[in-house]
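Visitor: Quick one: the structure is below, questions incoming.
The values are calculated or read from the model by the stated rules, or taken from the named source; none is laboratory data. All of these numbers come straight from a predicted model, not from anything done at the bench. Note that each Cβ is placed from the backbone with ideal geometry, even for glycine, and that neighbours are counted across all protein chains shown. All accessible areas refer to the heavy atoms of the entire protein, side chains included, with ligands and DNA or RNA removed. Shrake-Rupley method; radii C 1.70, N 1.55, O 1.52, S 1.80 Å.
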Amino acid sequence: MKATTFRSVGALLTVALSAVVLPASAAGAAEPRTAGTGAVDRATSQSFEQLAEAVLTERTAALLDNRPAGRIAPAKKLKNKKARLSAKVTRTENSGLSTLRSRKSRLAGLGEAYTGADTRVTVDRTRVKGGQATVQVTETTTLTYKKVRGDEPATTGFQAHHELKFAAKPDGTWELTGIRPTDDGLPQINQPTVAPAAPSVGATALPKATRAAITRPARPQTKPAGKYNYKAMAAYAEKYWKNYNPAYRKFNDAGGDCTNFISQALKAGGWKHDSGVYSDYTNWWYDASYQSTSWVGANEWSWFTLHHKRATNLSNVYYMGVGDIMQMDFDRDGSKDHTMIVSYRSSSGVPYLTYHSVNTYRKSVASIIASNPNAYYYAYRT
């Protein structure tokens, strides 16, 4: 469907939320898959899609530079005759928009802002059963970096997946009762903040990574020349961040594809296989039928890397250069949850990371920290 686009600093939504959820013409629209004991007509399915796009677009808009504070329109004010927000979702989204505006302020303090955005949503699957509709959608969002320092890349982008729950009402309409992300991995920049789990510390006798500071240092650190082809690593990551390399298996439904993806990029840049038992973290390899746990597992990759000195820990995430790796422990439980690779670094010293789960292109380390201030961070010099 047509995207809702923000074109300049302070731009308002191209179409007001109360209007964007009106059913679109069926001409040229693809029919999404529908399963279950019932079905919805094309206009209703399109209303689901447009309502999802309106909500996600409003989230993205909350991050834009100089955009006035906005609120999701109350359900009773929506003009849509097919689908609308429930009062509960309206309250939840408005609370979420508040956290996103706080995130925008933190980003500004880190020297980052966005001047425009483009959010598109497509329905992948609709399942109807017992008066309930479960709708799976894909969000594709691109944000335009404001030239604060002048050396930022043009854009950052990601694909994310969400599940929406709708309840049938007696008058034949549908009400959105819930929306949640379905991806494993790092939450996206427009995902509202939720309260983190209580931190705990685990002990291990395995090779232990050293945590990196997340405050920007007074002086950036230049990455010295190494024995690997860092440009090739970055080029690989930026080529396959969204369109997966068919030569490799995907692990999105088996704990996430993030470490598998960075292993591919590292191999493209010159890392060599270290053969052996697949479950032994001191080995790192991939073949036509299987792979070592260190190829796909975040913790195992760290253990392998530190054991063999393929990489060393950096004391600050801002010291990372192109081809370096960052990992995160979301809930501080001692287990690493996500792995990313630096594919671009600005001349002023800001690393930008590209990764899978959720598929993301050139996301600044500043925006990651602003969105996840309670996580632990680990930086690796490759």
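Visitor: Name every residue in the stretch 114-135 that is open to solvent by 50 Å² or more (accessible area, probe 1.4 Å) and closer than 17 Å to THR177 by Cβ, in order of residue number.
Guide: ARG127, LYS129, GLY130, GLN132
Visitor: Further question on the same structure: Could you please find all residues in the stretch 98-112 being surrounded by fewer than 20 Cβ atoms within 10 Å (Cβ to Cβ) and of a type in the set (A, V, I, L, M)?
Guide: Once the filter is applied, which keeps residues that are surrounded by fewer than 20 Cβ atoms within 10 Å (Cβ to Cβ) and of a type in the set (A, V, I, L, M), the stretch 98-112 yields ALA108, LEU110.
Visitor: For the subset of the stretch 144-184 comprising residues that are in contact with a helix residue (DSSP H, G or I) (Cβ under 7 Å, 6 or more places away or on another chain) and hydrophobic (A, V, I, L, M, F, W, C), which member is surrounded by the fewest Cβ atoms within 10 Å (Cβ to Cβ)?
Guide: The selected residue is ILE179.
Visitor: Let me ask something else. Regarding the stretch 308-317, can at least one residue be identified that is crowded, with 22+ Cβ neighbours inside 10 Å, in contact (Cβ under 8 Å) with a residue 60 or more places away in the chain and more than 23 Å from TYR114 (Cα to Cα)?
Guide: So far as the stretch 308-317 goes, yes, one or more of its residues are crowded, with 22+ Cβ neighbours inside 10 Å, in contact (Cβ under 8 Å) with a residue 60 or more places away in the chain and more than 23 Å from TYR114 (Cα to Cα).
Visitor: Where the second residue is open to solvent by 10 Å² or more (accessible area, probe 1.4 Å) and hydroxyl-bearing (Ser, Thr, Tyr) and the first is closer than 18 Å to GLU58 by Cα and assigned to a strand (DSSP E or B) and lies in the stretch 123-141, which pairs have Cβ atoms under 6 Å and are six or more apart or on separate chains?
Guide: THR138/THR122
Visitor: Only residues in the stretch 150-168 that are without any contact (Cβ under 8 Å) to a residue 40 or more places away in the chain count as the first member; pair them with residues that are among the small types (Gly, Ala, Ser) and part of a loop (DSSP other than H, G, I, E, B), Cβ under 8 angstrom, at least 6 apart or cross-chain, and list the lot.
Guide: Listed by first residue and then by second, the contacts come to ALA168/GLY131.
Visitor: Considering the stretch 324-369 alone, what residues qualify as being open to solvent by less than 10 Å² (accessible area, probe 1.4 Å), farther than 19 Å from ALA160 by Cα and assigned to a loop (DSSP other than H, G, I, E, B)?
Guide: Within the stretch 324-369, ASP324, SER346, GLY349, VAL350 qualify.
Visitor: I'm trying to understand the selection: among the residues of the stretch 233-287, which are open to solvent by less than 40 Å² (accessible area, probe 1.4 Å), hydrophobic (A, V, I, L, M, F, W, C), over 16 Å from GLY297 (Cα atoms) and not in a loop (DSSP other than H, G, I, E, B)?
Guide: Answer for the stretch 233-287, where residues must be open to solvent by less than 40 Å² (accessible area, probe 1.4 Å), hydrophobic (A, V, I, L, M, F, W, C), over 16 Å from GLY297 (Cα atoms) and not in a loop (DSSP other than H, G, I, E, B): MET233, ALA234, ALA237.
Visitor: Which residue pairs have Cβ atoms closer than 8 Å, lie 6 or more positions apart in sequence or on different chains, and pair a first residue in the stretch 335-351 that is closer than 23 Å to GLY109 by Cα with a second residue that is among the basic types (Lys, Arg) and open to solvent by less than 10 Å² (accessible area, probe 1.4 Å)?
Guide: Listed by first residue and then by second, the contacts come to nothing, as the list is empty.
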